[in-house]
Structure formats: structure tokens, C-alpha cells
Amino acid sequence: MARNQVQFQKGLSEAAFEAKYGTEEQCRAAVIGWRWPDGFECPGCGSRQHSMVKTRGLFQCTDCRRQTSPIAGTIFAATKLPLRTWFRTLYHMTQTKQGISSIELGRRLGVTQTTAWKLKHKLMQVMMQRDGTKKLTGRIEIDDAYMGGQRHGGKRGRGAPGKTPFVAAVETTAEGKPVRLQLRQVASFCRADIGSFAKRSLDPGCVVVSDGLRCFAGVTDAGCTHQPSKVGSGHKSVQNPTFKWVNTALGNIKAAITGTYRAIHQKHVPRYLAEFEYRFNRRYDLAAMIPRLAWASVRTVPMPYRLLKLAEVGA
Ligand SMILES: [Zn+2]
């Protein structure tokens, strides 16, 4: 069964990870390899001729004399932490199904919770930018969901205050096997907002199945075909096989939030969604997620901490 293969795959053991990326030199060599797979290329003039400034670990261009740090302009440049700490963060963020809180990550890395939060959110930003522009195709299961706000005592269900609305969309094969997931924040569940979501996220020609929530007809604005299913609200589509995968994905997200995170501030919701989406879409090869995310990280310019954080620190 495909599902069991996902759940029981080995991933990368901590021992194998340590053997591969346990030292600063190994991490540095890996970063250089991901950044310049065909050998160093000067970001100033494009020349490949260079020498090393050994004491500072810099590449010096022979033609324009510019000195380049292998981590300058990458996400890893954003802190003064050793690369080894970044790599261990990559490990913890990708090899767990439910994610890891900044408190737990801080404990494991031996850094403060604030530092762990920064590391985590920088990498979540990489995940978001990596998948942000990809569109789903074919058969799509779609559902409405909310994140954040009060966990206990608050109003439940659609439109509860303080909660961030998002769309969960799963692309499946014609036989209904899951291919890719998208989780996207929307302003509200009205037809126009679903229309804009669909234009950004779905290929025209998608066949979108949803429950009876009327706003989902908005997907036709993006040239998609809409097939609403007549099921009641409440425990609406849980038993309905039409929505098997979107319900499974939402169930996993809910379990992860409840189990891992204390509270998620509204402005950070897109990054948390991106983290789930990234892991789900790469679930068939857990071990490869580390080099793949690292590869993207050396190609992502760090966002200033003040923009990442804005206000208080969440979980
Ligand atoms: Zn140069």
C-alpha cells in the first residue's frame, strides 16, 4: 500500500545524518556544492578563476578581485550560527511528520527559543517561496478550514473570530490517489476570494470537487469545472470518499497544531501552512528532503528578522 510505504519509510537516521553533516567542514562543503554545482562562479563578473582566502574561508575572484563567502546571500547568512546548527534544524524540520516547536528545537540544538524560532521561520520562508507559485492540475478535492484563534471556548466552525481562513486543495490522480497538496490563506470564503485563489493556484481545466459551500463555485472564474457534492454541514464530508484526501490532510494538520504548537499568530499562518504543504508534497522521500531544502536555502535571500517577526514570538 502506498500509504504504508510513506509511513514506514526509514528517512535519514540521526546517526546517518551525523555521519554526513556532523562537522562544520562537511556542511560547508555541502553548501558550496549546492550553490555552485559546476564549481565556483563569481557573483560579480561570472568568472570561474579564483583562489581561496584560507583564513576567512572566502573565494577570491582572479578577474575582479571580489571576495565571496559561500553563505553570503543565502538563507544561512542570516545568523552567526554555525552551519552545523542550521543543518540540524533542517533535520528536525523535515524528518518529523508533525513538525517541531521552537521550544523543543531550542532544547535539541542548545540555543534559545528565540534563536530556534528565527531558524525555523527562515526555513519555513524558504518552503513557502519554493512552492508558492506552483499550480495544481487534474482532479482537485477542495475544502475550507481555519487556523489559529482560540483553541478552547471559542466559537466553532465557519467564520469563528480570530481564526485565519485557508483553502486546502489536494490534487489526486483520476483514481483518487493523492498527488500534491496546497494550503493557501484566503481573505474570506466568498466567491470572489475563491476565484482569486483558483487563478493563482489551479490550472484552468481542473475538475474541482467540493462540498456544498457556495463560494467554491468561484473556481469557475479560473476556467475550472466545479462539481459540488450535496452533503450536510457539521460532520459534513468526513465519511464521504470524494473528500478522503483533503480530509486526511486537514486531520494531519489539526493533529500537528494541537500536538506541537501552543498558538499561531495570524500573520505567521501562511508560513505554518507552507511547512505542512512542503512536507506533505515530499513525503515519498523523507531523506532527500534535507538536501532539497538546503538546495533551495542557498537560493533564497533571507528576509530581515524585523519583517519575519513583526510583533511577538509565537510557538
Ligand atoms: Zn569576479
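The values are calculated or read from the model by the stated rules, or taken from the named source; none is laboratory data. Computed from a predicted model, the values in this text were never measured in an experiment. Positions of Cβ are backbone-derived with ideal geometry, glycine not excepted, and every protein chain shown enters the neighbour counts. Accessible surface is based on the protein model in full, side chains and every heavy atom, while ligands, DNA and RNA are left aside. Shrake-Rupley method; radii C 1.70, N 1.55, O 1.52, S 1.80 Å.
Condition check for ARG107 on (1) in a helix (DSSP H, G or I); (2) touching a residue at least 12 places away in the same chain (Cβ under 8 Å): one failure, at (2).
The residues of segment 240-288 that are open to solvent by 40 Å² or more (accessible area, probe 1.4 Å) and farther than 18 Å from ASP144 by Cβ, listed by number, are PRO241, ALA255, THR258, GLY259, ARG262, ALA263, HIS265, LYS267, TYR284, ASP285. Scanning segment 54-69 for residues that are near the ligand (Cβ under 9 Å from one of its atoms) and part of a loop (DSSP other than H, G, I, E, B), we see that the one that is nearest to ARG88 (Cα to Cα) is ARG66. Do you know which of the residues in segment 98-131 that are among the hydrophobic types (A, V, I, L, M, F, W, C) and more than 16 Å from the chain's Cα centre (by Cα) is surrounded by the fewest Cβ atoms within 10 Å (Cβ to Cβ)? The extreme case among them is ILE103. Among the criteria (1) more than 16 Å from the ligand (Cβ to nearest atom); (2) at pLDDT 95 or above, the one THR114 does not fulfil is (2). Here ALA72 meets each of (1) at pLDDT below 95; (2) away from the ligand (no atom under 14 Å from the Cβ) with one exception, condition (2).
Residues in segment 34-46 that are surrounded by 12 or more Cβ atoms within 10 Å (Cβ to Cβ) and either assigned to a loop (DSSP other than H, G, I, E, B) or within 9 Å of the ligand (Cβ to nearest atom) (or both): 7 in all. For segment 21-28, the condition holds for no residue, the condition being that it is within 14 Å of the ligand (Cβ to nearest atom), surrounded by 12 or more Cβ atoms within 10 Å (Cβ to Cβ) and more than 22 Å from VAL126 (Cα to Cα).
Which one is farthest from GLY251 (Cα to Cα), of the residues in segment 116-133 that are in contact (Cβ under 8 Å) with a residue 12 or more places away in the chain and out of contact with any helix residue (DSSP H, G or I) (no Cβ under 7 Å at 6 or more places or on another chain)? Show your work before the answer.
Within segment 116-133, the subset in contact (Cβ under 8 Å) with a residue 12 or more places away in the chain is 116-132.
From what is left, the residues that are out of contact with any helix residue (DSSP H, G or I) (no Cβ under 7 Å at 6 or more places or on another chain) are 129, 132.
On the way: GLN129: 24, GLY132: 22 Å.
Filtering segment 116-133 for residues that are in contact (Cβ under 8 Å) with a residue 12 or more places away in the chain and out of contact with any helix residue (DSSP H, G or I) (no Cβ under 7 Å at 6 or more places or on another chain), the one farthest from GLY251 (Cα to Cα) comes out as GLN129.
So is SER51 open to solvent by less than 80 Å² (accessible area, probe 1.4 Å) and part of a loop (DSSP other than H, G, I, E, B) or not? Judged against the criteria, SER51 is not a match. When GLN49 is tested against (1) within 16 Å of the ligand (Cβ to nearest atom); (2) modelled with pLDDT under 95, just one condition goes unmet, and that condition is (2).
Taking the condition farther than 22 Å from ASP211 by Cα and within 17 Å of the chain's Cα centre (by Cα), does ARG271 pass? It is true that ARG271 is farther than 22 Å from ASP211 by Cα and within 17 Å of the chain's Cα centre (by Cα).
Of all residues in segment 194-206, those that are open to solvent by less than 60 Å² (accessible area, probe 1.4 Å) and either at pLDDT below 85 or in contact with a Gly (Cβ under 7 Å, 6 or more places away or on another chain) (or both) total 5. Examine segment 81-96 for a residue that is within 16 Å of the ligand (Cβ to nearest atom), surrounded by 14 or more Cβ atoms within 10 Å (Cβ to Cβ) and outside any loop (DSSP other than H, G, I, E, B), and state whether such a residue exists. Looking for residues that are within 16 Å of the ligand (Cβ to nearest atom), surrounded by 14 or more Cβ atoms within 10 Å (Cβ to Cβ) and outside any loop (DSSP other than H, G, I, E, B), one finds none in segment 81-96, hence no. Pairs are defined by a Cβ separation below 8 Å, a sequence spacing of at least 6 or placement on different chains, a first member in segment 36-48 that is without any contact (Cβ under 8 Å) to a residue 60 or more places away in the chain, and a second member that is open to solvent by less than 30 Å² (accessible area, probe 1.4 Å) and within 7 Å of the ligand (Cβ to nearest atom); the pairs so defined are GLU41/SER47; CYS42/CYS61; GLY44/CYS61; CYS45/CYS61; SER47/CYS61; ARG48/CYS42.
With respect to (1) modelled with pLDDT of 90 or more; (2) surrounded by fewer than 14 Cβ atoms within 10 Å (Cβ to Cβ); (3) among the β-branched types (Val, Ile, Thr), the lone exception for VAL31 is condition (2).
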